[in-house]
Amino acid sequence: GVMPELSDCSASLTKEDIKNFEVELNVKIPAGMKNFYLKFNGGMPSPYCFQPQDEDLDWVEINAFFPIKERTNAFETIEVIAKDMWSRNLMPSNLLPFAMDSGGNYYALNLKNKKIYYYLTDEWDENASREYNFETNTRYIAQSFNYFINHFIEEEE
């Protein structure tokens, strides 16, 4: 696997911007994620596939990383998306959404254990509790942001 190159990024960030982002959302993101965002502030990755560490899961595709601070033409910022998902109780507040696939499912950093999860939005069960939905829609895919970002692969044939 490799680290992807991102295109259609938002304006470059400073360390100060990232600090402000953490304060605004009251989160702490890992160094690997900060460094990646200093290099690429959101955008479309190439290559764009990833093989989850959970062997039961097929490879997934990452359509875009959300920018911090300033949105792009195509994508809103992490701040806006996270606040929206959290306030509407559509995602547990310990998950920070930072990327998505083409189907509208999210990639999120678990703020407690710093692992990366794939969060499905299209399988919500209206008849089940929010906790149940949160649990069943969250799939473990990587031990850390660093691992995740360094193991992108070309599309499987």
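Of the peptides 105-118, 7-20, the ranking by mean beta-carbon count within 10 Å, highest at the top, reads 105-118, 7-20. Checking every one of the chymotrypsin sites (Phe, Trp or Tyr not before Pro) in the stretch 30-74 against DSSP loop status and a limit of 16 other Cβ atoms within 10 Å picks out W59. Taking the charge dipole of the chain about its Cα centre, with +1 at Lys and Arg Cβ atoms and -1 at Asp and Glu Cβ atoms, the residue from N105, A142, Y37 reaching farthest to the positive side is Y37.
Values of log10 I(q)/I(0) for the stretch 5-153 across q = 0.11, 0.13, 0.16, 0.21 Å⁻¹ run -0.38, -0.54, -0.84, -1.50, by the Debye formula with one identical scatterer at each alpha carbon and no solvent. Restricting to the stretch 5-153, compute how many DSSP beta bridges are antiparallel as a %, nearest 5. Just about 100 percent of them are antiparallel. Given R₀ = 25 Å, FRET efficiency for K28-E131 by Cβ-Cβ distance, to 0.05? Efficiency, from the Cβ-Cβ distance: 0.55. Considering only the other residues whose Cβ falls under 13 Å of the Cβ of K115, what net charge follows from Lys and Arg at +1 and Asp and Glu at -1? That sum, taken over residues with Cβ under 13 Å, equals +2. Scaling the Cα radius of gyration of the stretch 30-73 by the globular reference 2.2 N^0.38 Å produces a ratio of 1.36. Going through the cross-link list K69/K114; K19/K69; K15/K115; K34/K115; K34/K114, which pairs have a Cα-Cα distance over 19 Å in this structure? Distance filter (> 19 Å) returns K69/K114; K15/K115. With contributions of -39500 (n - 2.57) from each DSSP H run of at least four residues, the per-residue ellipticity at 222 nm computed over the chain stands at -7500 deg cm²/dmol. Amide H to amide H distances under 5 Å link I141 with I116, Y117, Y118, where only residues 5 or more positions off or on other chains count and H is placed in the peptide plane. The convex hull defined by the C-alpha atoms of the stretch 61-125 has an orientation-averaged projected area of 4.6 nm².
The alpha carbon centroids of the stretch 76-99 and the stretch 25-40 are separated by 16 Å.
Read-outs throughout are calculated quantities, based only on the coordinates presented, and are distinct from any laboratory measurement. Source: prediction; values computed, not measured. Because the Cβ atoms are built from the backbone with ideal geometry, glycine has one as well, and the counts that use them run over all protein chains shown.
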